[in-house]
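The values are calculated or read from the model by the stated rules, or taken from the named source; none is laboratory data. No experiment lies behind these values; they were computed from the predicted model shown. Methodologically, a virtual Cβ is constructed for each residue, glycine included, from the backbone with ideal geometry; neighbour enumeration extends over all protein chains shown.
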Amino acid sequence: MSSSLSVYLLDVAATRALVGSRDDQLLDVIRDSFGDQLDRADRSFRHEIAQGAPTAYEALRAVVHGGPFSEDEDHAFQYGYAYEQLCSLTGSFLDNSCFTPHRGDWLTQVDQGLKALGVTAVSVEEFGYSGLPAPLPYTFTPDCGEWTPEDIARGLEQFEATKRAVDESGQAPPLEPEVVEAVMQCLGWMRHAAERPGFGVIGFRY
């Protein structure tokens, strides 16, 4: 079974602040401008909704209002998808071609590639830790993780230090070509974020 990764460039703190913000104007804009997306999501999960899961809009409203949330943990996935929708509306989708689809321990392999290049401040495996902001309930899927602006700045410093060392020694770490491509994609995400003060990356794994 394959997995997918969706990655967004955005102001991490501002996006997290939308949770519990009680911003009804934002909800009105989403309902009026993105109603078709909400309807498609409801069609995708019509069976779960029939079993009591919240609709896409109901989940979105709960996220923006900080609750109430369903007591049935089987319905928690809707709040994860609602948070991703907030990320998609406030951020920019980043190229994820090296990660969608992926299988097995691919994220671990890419993290090992990052570490081989001295980058330990960020990890693609973090996108699989279900780190949804409080008070959103835990959900097995979608998983969520983030790279803060500080993480990204440190990661780029680590890479540049390794690059200088490689230039001096003429010896680069031996990595498989597909791992190198994925690592370069990660560095691209980081460079995009570094160009915008306060911006970071939030990723979701399915």
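For the range 159-206, give me each residue that is touching a residue at least 60 places away in the same chain (Cβ under 8 Å), among the basic types (Lys, Arg) and not in a strand (DSSP E or B). Within the range 159-206, just ARG196 meets the criteria.
Need the failing condition index for ALA153 against (1) over 13 Å from LEU117 (Cβ atoms); (2) free of Cβ contacts under 8 Å to residues at least 40 places away in the same chain; (3) of a type in the set (A, V, I, L, M), just the number. It is condition (2) that ALA153 fails.
Could you tell me whether the range 115-126 includes any residue that is of a type in the set (Lys, Arg) and either within 24 Å of ALA172 (Cα to Cα) or part of a helix (DSSP H, G or I) (or both)? Yes, the range 115-126 has at least one match.
For the range 81-105, a residue qualifies if it is without any contact (Cβ under 8 Å) to a residue 40 or more places away in the chain and part of a helix (DSSP H, G or I), and exactly one does: ALA82.
No other residue among ALA116, ALA161, ALA153, ALA194 is surrounded by fewer than 17 Cβ atoms within 10 Å (Cβ to Cβ), in contact with a helix residue (DSSP H, G or I) (Cβ under 9 Å, 6 or more places away or on another chain), more than 21 Å from ASP11 (Cα to Cα) and of a type in the set (A, V, I, L, M, F, W, C) apart from ALA116.
Among the residues of the range 1-42, just one is surrounded by fewer than 16 Cβ atoms within 10 Å (Cβ to Cβ), part of a helix (DSSP H, G or I) and hydroxyl-bearing (Ser, Thr, Tyr), namely SER33.
A residue that is in contact with a Ser or Thr (Cβ under 7 Å, 6 or more places away or on another chain), surrounded by 18 or more Cβ atoms within 10 Å (Cβ to Cβ) and aliphatic (A, V, I, L, M) can be found somewhere in the range 71-87.
Given the criteria out of contact with any helix residue (DSSP H, G or I) (no Cβ under 8 Å at 6 or more places or on another chain), among the acidic types (Asp, Glu) and at pLDDT 95 or above, does GLU126 qualify? Considered against the rule, which asks whether it is out of contact with any helix residue (DSSP H, G or I) (no Cβ under 8 Å at 6 or more places or on another chain), among the acidic types (Asp, Glu) and at pLDDT 95 or above, GLU126 comes out as no. For the range 104-113, the tally of residues that are modelled with pLDDT of 95 or more and over 18 Å from the mean Cα position of the chain (by Cα) stands at 3.
A quick yes/no check of all residues on (1) touching a residue at least 40 places away in the same chain (Cβ under 8 Å); (2) in contact with a helix residue (DSSP H, G or I) (Cβ under 7 Å, 6 or more places away or on another chain); (3) under 12 Å from LEU136 (Cα atoms):
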residue: ALA41; (1), (2), (3): yes, yes, no
residue: GLY52; (1), (2), (3): no, yes, no
residue: LEU60; (1), (2), (3): no, yes, yes
residue: GLU73; (1), (2), (3): yes, no, yes
residue: TYR79; (1), (2), (3): yes, yes, yes
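Quick check on my filter: what residues within the range 131-158 are of a type in the set (Val, Ile, Thr) and not in a loop (DSSP other than H, G, I, E, B)? ILE152 - this is the single residue of the range 131-158 that is of a type in the set (Val, Ile, Thr) and not in a loop (DSSP other than H, G, I, E, B).
Of all residues in the range 107-135, which are within 15 Å of PHE204 (Cα to Cα) and out of contact with any Asp or Glu (no Cβ under 8 Å at 6 or more places or on another chain)? Those that are within 15 Å of PHE204 (Cα to Cα) and out of contact with any Asp or Glu (no Cβ under 8 Å at 6 or more places or on another chain): LEU132, PRO133.
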